[in-house]
Structure formats: C-alpha cells, structure tokens
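Step one of this worksheet: look at the structure below.
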Amino acid sequence: MEEELKCPVCGSFYKEPILLPCSHNVCLACAWNITVQTPEGETPVQRASGSSDYDYLDMDKMSLYSETDSGYGSYTPCQLKSPNGVRVFPPNIPRHCSLTCPLCHRSVSLDERGLRGFARNRLLEAIVAKYQQTRGIAGSASSTSVKCQLCDRNPLDATVMCEQCDVFYCNACQQRCHPSRGPLAKHRLVPPPKRAENARGPATENAGARKPATCADHEAQNFSAYCCTCKSPTCTKCLEEGKHNQHDVKPLAVMWKQHKVVRDQITHCTMKLRQTTGMMEYCLEVLKENDPSGFLQISDALIKRVSSSQDQWVKGALEPKVAPEFDLSLNTDALLQTILQLDFCQVETGPSVPAAPLLQLEKCCTRNNSATLAWRVTAPTGNPIEGYILELDDGSGGQYREVYVGKETVCTVDGLHFNSSYNARVKAYNAIGVGPYSKTVVLKTSDVAWFTFDPTSAHRDIVLTNENQTVTCSSYDDRVVLGTAAFSKGVHYWEVTIDRYDNHPDPAFGVARINTMKDMMLGKDDKAWAMAEGGISKGATVGVLLDLIKRTLTFYINKEQHGPIAFENLDGVFVPAVSLNRNVQVTLLTGLELPKNYKQ
C-alpha cells in the first residue's frame with residue numbers, strides 16, 4: 001500500500017493532498033509546481049470523450065516508475081525533475097493556466113479560485129498519517145507472522161499478499177493457486193504486514209480520530225449530505241445557496257451505510273475467485289500445448305467451460321444474498337420407477353453419408369493470391385468416400401461457389417483477389433449422398449502483389465534472367481512479355497528499372513489482357529494500355545499504378561507522376577505487361593506500397 005500513499009510528483013508521502021477531476025491525487029505544493037501557462041483562448045489537451053477510466057488504470061501504475069517526460073500538454077517546461085521522473089514547473093501561476101495529472105495526463109483549466117477549486121482529500125491524508133503511526137508502532141512491538149489462508153492443515157507463514165485478491169499465500173500455495181503468468185500476471189504481490197501483539201498506547205487509540213472533512217467553497221462547514229447527481233458530498237451552505245436544486249440529495253450517513261455493502265461483495269467475489277483458480281491453472285497449461293491437433297480437440301469444451309464460469313460470475317457474483325422464505329420439495333419416485341422399467345436394445349445401422357471432413361489448419365496457407373487447403377476424414381463410413389467438394393465465397397462475404405470436385409484431399413486455388421478474406425469449407429459424398437460441411441476456415445490473401453515475368457506467355461525472342469525478374473530482347477521488332485499476376489479489383493503499384501537503354505529503342509510499359517498480341521508494341525491493339533518511352537533513360541524507374549476502384553491507369557517516372565491520368569474507365573482482368581526491342585534490359589520490382597502523394 002505504500003506506493004498508493006506517495007505523491008507521483010515528489011515521491012514522498014502525501015501532504016495536504018487534493019483530489020483532481022480524474023480521481024488521482026497530488027500534494028497541494030506539488031500542484032502549484034506542475035501548474036503551467038496555457039496560451040489565451042486555447043483549451044488544454046484532453047483524453048477522447050469515449051475513453052473509460054478503466055482504460056488507463058494500468059497506465060497509472062506504469063507512470064510511477066516511468067523515466068519519461070510526463071509534462072504532456074505543457075508550454076513552459078524547465079529542467080527540474082522529481083524523484084519519480086515527473087517534470088516540475090515554476091510555482092508562479094499566470095492568468096491563463098492549467099493543471100495536467102502526472103498519472104493519466106488529463107488536463108484541466110483552473111478558474112478564478114485556482115487550486116482552491118479542488119477538494120481536499122482528508123480521507124487520504126488521514127490514511128497516510130495512520131499508516132506512518134502504525135509503521136512506527138509495529139517496529140517497536142513484538143510481532144507475529146501472518147499465516148497462509150489456503151493451507152488445509154497447519155498453515156505456513158505467509159510470504160506474499162495479493163492486493164487485488166486480498167489473500168495471504170505461502171510459497172507453495174502462491175505457485176499453485178496464484179501463478180505469475182496469464183490473467184494473474186498483472187496482480188500486485190507484496191510482502192505481508194507483521195501483526196503487532198502488544199501495540200497499545202495513545203497512538204493506537206487515536207489512529208482513527210481525524211479532523212472531519214470540510215467543504216472546499218465553505219471551509220468552516222462540514223459535509224452533511226451527498227448529491228447523487230453530482231456524485232460528491234456537499235454542505236448545508238451549498239444547499240442554501242441552491243447549487244444542488246433539482247438534484248437527488250440524500251443524508252451523508254445513509255449513503256455511507258449503503259456503500260458499506262461493498263465489503264460483503266468483496267468477500268463473496270473472493271470465494272468465487274478461489275473456486276475458479278483450479279480451472280484457470282488448467283487453462284494456462286492447455287495454452288502451452290504446441291500440438292495444434294491436440295489443442296483443437298479440447299478447445300471447444302474448454303471454451304464452453306470458461307464461458308460457463310464467466311456467466312456464473314456475471315449472474316451470481318454481485319446478486320443480493322437473501323434468505324429463503326419457503327422450502328420446495330421434489331418427489332422423484334415416479335420418475336425413478338419409469339427409468340427402472342426402460343429396456344435398451346442395440347440397433348444395427350446401415351450405410352450412411354460421410355461425416356464432415358476436418359480441415360487441417362496446419363497445412364492450410366495462402367501465398368500471394370493463391371490459397372492451399374488440406375483436409376482429412378474424421379470417421380469411416382460403411383460405403384467408401386467417392387470424392388470431396390471444396391467451396392469458397394467471393395472474398396466479400398457473398399455466396400459460396402464450387403472450386404474443386406475430386407478425390408484429392410489437398411487443393412490449391414489460384415487467381416484470387418489480393419487483400420481479401422475468403423471463407424472456405426469442404427464436404428464429402430458417396431453412393432448414399434452428400435455429407436455435412438466442415439467447419440469454415442478464413443484465408444487472407446496478400447495485401448500487395450508479388451509477381452515475376454511469365455516465361456510461358458513471353459515471345460520467344462524475350463530472354464529472362466534473375467529468376468524471371470529481369471528481361472531483355474535483341475530483336476529490332478517489339479516483343480511483349482506479361483506478368484504472372486492478374487488483377488480484377490483493388491489498387492496495385494509496381495515499378496520497372498531501366499538497366500540498359502541505347503540505340504534509340506522504343507520500350508513500352510503498362511497492362512494488357514491475357515490474349516494481347518506478343519509480336520507488336522504494347523498498346524498497338526485494343527487489348528493493351530501502355531506508356532511508350534516518355535523521356536526515360538538508363539537508370540530511370542517507371543512506375544505503373546492500376547486503380548481498379550477508380551478504374552484508372554497512371555504512370556510515374558522516378559517516383560513522380562508522369563502527366564495526368566493516362567487511361568480511364570478500365571474494367572475487367574488485367575496483367576502487367578512490357579514490350580522491348582534493341583537490347584533494352586529492364587528489372588521488375590513488386591510488392592511495393594502506393595506512392596505517398598497518391599490519394600485513393
């Protein structure tokens with residue numbers, strides 16, 4: 001608890017702490033130090049309105065040990081730093097100023113009241129004083145060790161205490177019931193406090209006595225009521241001035257008693273936590289399993305157990321505890337008599353349709369715009385399986401279509417769309433009929449296209465090297481070579497580097513249909529769209545951007561757009577294409593991101 005009682009700015013125990021709007025605390029003197037000037041008319045940086053307080057609970061803990069600059073939203077920083085690494089600012093308060101919480105970095109503007117507008121956290125101040133007094137007493141008194149709360153017999157001395165579970169553990173019980181991995185890894189384990197035996201005296205008797213909290217606006221008035229609308233205590237003067245008109249105001253003592261029931265709920269939740277510890281350990285061991293098939297065999301049952309446990313927490317953890325007013329009795333004699341009279345017989349079953357195949361996820365994969373799927377039979381049937389039917393959707397959640405029918409249990413599907421997610425399923429059939437579908441698997445194709453020049457579609461005068469990435473042509477006539485990828489949707493970009501360029505050749509770069517002419521310059525027929533020459537030279541880079549969303553084709557030279565959009569209203573299937581002559585040599589570059597200045 002000691003870290004919770006220390007100011008995140010100065011690193012010492014809180015002195016006159018004030019409560020910020022984000023529910024964190026700082027010392028009053030430290031609040032003066034971290035107050036910064038804000039330019040007139042500018043509001044301090046705030047967190048997004050949709051964020052929850054729970055979003056930055058872990059950030060609070062991390063900030064206590066961070067060595068980074070926490071002066072978020074400040075304008076006049078200095079070089080001073082506190083022991084916890086939080087930057088300290090000059091104490092002078094300008095006219096327009098704001099205060100940034102050093103833990104969650106929420107900023108708030110100060111009004112004309114300055115820091116007096118923040119409530120004084122006298123409860124935290126009293127806890128700090130009591131903690132310091134108790135620590136001094138415990139050091140001088142004889143103490144006994146706290147016992148483990150989970151040992152069955154002869155409990156051992158506790159070595160750690162979990163602040164979240166509020167349970168004391170010995171070493172063996174901590175390793176068995178509270179492992180430092182998985183969901184419990186974020187719990188804070190601290191040494192258990194010593195229990196003082198003969199600690200008596202004025203300090204112990206007056207530890208609970210403290211000055212009653214007073215109103216921030218009327219310092220002479222004690223809090224007497226609680227506003228449920230504003231969620232803050234208030235005094236009689238505030239009510240007389242009409243600050244809480246039309247609000248739900250209740251006596252402070254009534255609300256204090258109502259909120260005391262949290263202790264009972266904590267006890268009940270602690271019992272629930274102990275009951276689920278065994279299952280959590282089992283789940284953690286299962287997650288270590290490296291065998292995919294073994295994990296998949298028990299994953300469904302494990303998910304159901306975890307879901308059932310979660311439902312029990314949600315439904316029963318915080319429900320009120322009431323005493324039953326009447327008893328119910330159930331007479332099961334008639335039901336037991338009927339069960340005893342049941343006769344069981346074995347029925348022989350004939351041939352049936354095949355069971356649903358099992359997709360082997362460890363063998364299913366995607367490469368570029370191709371997908372490979374593998375499956376196996378889960379249970380034998382009376383009649384042999386005659387074949388399988390593999391179905392894929394259209395990559396956009398549409399209807400399924402058959403892509404393979406046959407006896408093989410491995411199938412590769414080519415020509416899929418890039419940057420798309422496909423749902424795949426398979427079923428088996430025999431002479432009796434068609435069996436049920438397997439579970440659906442989702443396959444994600446590559447975001448960008450990786451391809452080479454296609455030697456099977458190239459003209460015979462084209463020479464390919466460098467694993468089909470580099471092409472050249474010694475013929476005086478234009479010869480065409482296509483790429484191995486085909487595009488029908490999405491946005492794609494690739495480049496061609498000019499390695500050799502002499503004797504005034506006429507290379508052309510662009511896209512074409514698969515059946516374009518291979519013995520003439522690219523773009524001369526109605527099945528190709530290309531840029532010819534266009535001021536290129538040796539060492540230049542020609543970029544081709546095919547946007548099938550806007551249905552346009554644009555060219556780039558050395559990363560800069562070459563003129564306006566070259567072609568519009570493109571529709572259908574296109575493949576990258578190049579035409580060469582007179583010893584021109586080019587190298588293909590693929591898998592590239594779109595140019596930075598291109599707007600989709």
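Results, tabulated for the structure shown:
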{"quantity": "Within the accessible area of the stretch 444-600 (1.4 Å probe), percent carbon and sulfur", "calculated": "48 percent"}
{"quantity": "The stretch 385-506: relative contact order as a whole-number percent, Cα under 8 Å and 6+ apart", "calculated": "20 percent"}
{"quantity": "Solvent-accessible heavy-atom area per residue, rounded to whole Å², over the stretch 557-600 at 1.4 Å", "calculated": "59 Å²"}
{"quantity": "Listed residues Ser109, Ser457 arranged by accessible area, highest first, probe 1.4 Å", "calculated": "Ser109, Ser457"}
{"quantity": "Residue-normalised accessible area of the stretch 488-540, expressed per residue, 1.4 Å probe, Å²", "calculated": "46 Å²"}
{"quantity": "GluC sites (Glu not before Pro) within the stretch 216-262, DSSP loop, no more than 13 other Cβ atoms inside 10 Å", "calculated": "Glu219, Glu241"}
{"quantity": "Local net charge near Ala512, Cβ-Cβ under 15 Å (Lys/Arg +1, Asp/Glu -1)", "calculated": "-1"}
{"quantity": "Probe 1.4 Å - accessible area at Met517, Å² to nearest ten", "calculated": "90 Å²"}
{"quantity": "Residue order for Thr234, Thr452 - accessible surface, 1.4 angstrom probe, largest first", "calculated": "Thr452, Thr234"}
{"quantity": "Accessible area (Å², 1.4 Å probe, nearest 10) - Ser23", "calculated": "80 Å²"}
{"quantity": "Where labels lie 7 Å past Cα in the beta-carbon direction, separation of Met255 and Thr440 in nm", "calculated": "5.1 nm"}
{"quantity": "Sorted peptide list for 391-398, 331-338, 477-484, 29-36, criterion being average Cβ within 10 angstrom, highest first", "calculated": "477-484, 29-36, 391-398, 331-338"}
{"quantity": "In Hz, Karplus ³J(HN,Hα) per residue of the stretch 502-508 (6.51, -1.76, 1.60; θ = phi - 60°; x = Gly, Pro)", "calculated": "8, 6, 6, x, 10, x, 9"}
{"quantity": "Computed accessible area, Arg113, all protein chains, 1.4 angstrom probe, square angstrom", "calculated": "90 Å²"}
{"quantity": "Protein-only accessible surface order, largest first, of Met520, Met255 at 1.4 Å", "calculated": "Met520, Met255"}
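The values are calculated or read from the model by the stated rules, or taken from the named source; none is laboratory data. Treat the numbers as computed from the prediction; the structure is a model and nothing was measured. Note that we place each Cβ from the backbone using ideal geometry, even for glycine, and neighbour counts take in every protein chain shown. Note: areas computed on protein heavy atoms with side chains; ligands, DNA, RNA excluded. Shrake-Rupley method; radii C 1.70, N 1.55, O 1.52, S 1.80 Å.
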